[in-house]
1. If one computes the Cα centroid of the range 124-148 and of the range 14-34, what distance in Å separates the two points?
2. Work out, step by step, the length gained on full extension between residue 27 and residue 127: first 0.36 nm times the residue separation, then minus their alpha carbon distance; give nm to one decimal.
3. Looking at the range 1-108, which GluC sites (Glu not before Pro) are DSSP coil and have at most 16 other C-beta atoms within 10 Å of their C-beta?
4. Could you sort the peptides 155-163, 173-181 by per-residue average Cβ neighbour count (10 Å cutoff), highest mean leading?
5. What value, in deg cm²/dmol to 500, does the helix sum -39500 (n - 2.57) over DSSP H runs of n ≥ 4 give at 222 nm once divided by the residues of the chain?
6. Return the Rg/Rh ratio of the range 3-80 with Cα-based radii and a Kirkwood Rh.
7. Expressed as an acute angle from 0 to 90° and rounded to the nearest 10, what is the orientation of the C-alpha long axis of helix 201-219 relative to the principal long axis of the chain?
8. Tell me, for the chain, which Cys residues have no other cysteine's C-beta sitting closer than 4.7 Å.
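Quick note: the coordinates plus some simple rules give every number you see, no bench work behind them. This one's a predicted model, so the numbers in the text were calculated from it and none came from an experiment. Backbone-built Cβ (ideal geometry, glycine too); neighbour counts: all protein chains shown.
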Amino acid sequence: MPYVITDLCTNDGACVEVCPVACIHTKPGAPQFYVDPEVCIDCEQCEIVCPVDAIFKDIDIPAKYTDFIEVNAAFFRQNKAAIGSVPFDTAWAMIQSSHEYAQMVGAAVTAVVVDEAGAPIAVGKMDKADPVSAELAFNKAYTAAAFHVATATLAAQARQPIMRSLSIAHRGKILPMAGALPIINGVTIVGAIGIHGAARPEQDALSARAGMSVWENAHH
Ligand code: SF4
Ligand code: SF4
């Protein structure tokens, strides 16, 4: 039951800040923000913060705004249409960049790039990286792809009931720990990069950022 944004929206972006799965987007020149119905997890956080009551749950939407259910869905259909996944060569270059950063700070890590569904595209384990780092790097990448946010932002919620139940639903692959970033193309999540193996999660996160710089340089 996704939420829907109507033309009451004043474009202040308040809902974007609270959405735990980053499914609220717009683009330059668009008259309002939109909710991706395929990603929304029905948490109602956006509705609570909207200063102009522009957001409704689809089943509760007033009759005069029902067209906006399709308006929101169409925005994502149109903007996702031309987007593909992360090419292997790019994924591999991202992994190499992450390795270079890790080596520079004296760490040995595994870097994993996954697609938008959390399936692996490329895995690179440095020679001295702990064997378990491969599984944990994958779990972090899977988590960033599932939540559409940097895993560092989820660390504080690790003990909350919603996080635990989502972890069960994803068969233990949810790992809310710093070290992974979503890969975004326009309004679309196309994958994620996850790193594990450094002495501190913050170093894993910086290694992931080094990998992301490859993607950003190629898309800006
Ligand atoms: S909080 Fe309300 S007004 Fe602000 S961007 Fe979101 S829907 Fe629009
Ligand atoms: S209900 Fe929750 S998940 Fe859905 S758009 Fe609003 S904040 Fe995002």
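1. Between the Cα centres of the range 124-148 and the range 14-34 lies a distance of 29 Å.
2. Additional length available on full extension: 31.7 nm.
3. 38, 44
4. Top of the packing list down: 173-181, 155-163.
5. -12000 deg cm²/dmol
6. Dividing the radius of gyration by the Kirkwood radius yields 0.90.
7. Helix 201-219 sits at roughly 70 degrees to that axis.
8. If one checks each Cβ against the other cysteines of the chain, 9, 19, 23, 40, 43, 50 turn up with nothing under 4.7 Å.
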